[in-house]
Amino acid sequence: FDVKNPEDVPFYARLLLTSYSLCQGIPSMYWGVLSDRIGRRPALPIGLVGDLATFVLFGLFKSFTWAIVTQSLNGVFAGNVAVIKSVFAEISDDTN
């Protein structure tokens, strides 16, 4: 990215991390509702493919604005961690 002052790099890095974290936490409850509606198995690949696509797009874009957009979308797709945890809870028992 075109950062003119090297002292501004930590600020921009924090913006990227914050956009990812906010967009991961907020939609996680909607991933739960979606997985209840369409099932756990279809919800997991949707999140994984979206995560992969936004990760690749993040590497291709050269502007900071698009970096924020792709990191935010990556956070939205990574919000399906709650679905993964519920799948593990459903398939495990006391013998595991």
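Here are the numbers for the structure shown:
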{"item": "Sparse-neighbour loop sites [trypsin sites (Lys or Arg not before Pro); region 25-96; at most 15 other C-beta within 10 Å; DSSP]", "result": "K62"}
{"item": "Computed Kirkwood radius, in angstrom, where 1/r is averaged over Cα pairs of the chain", "result": "14.7 Å"}
{"item": "Degrees, to the nearest 10: 64-78 long Cα axis against longest axis of the chain", "result": "10 degrees"}
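None of the figures in this text is laboratory data; all of them are computed from the coordinates on show. Note that the coordinates shown come from a computational prediction; the quantities given were computed from them, not determined experimentally. Glycine also receives a Cβ, built like all others from the backbone with ideal geometry; neighbour counts cover every protein chain displayed.
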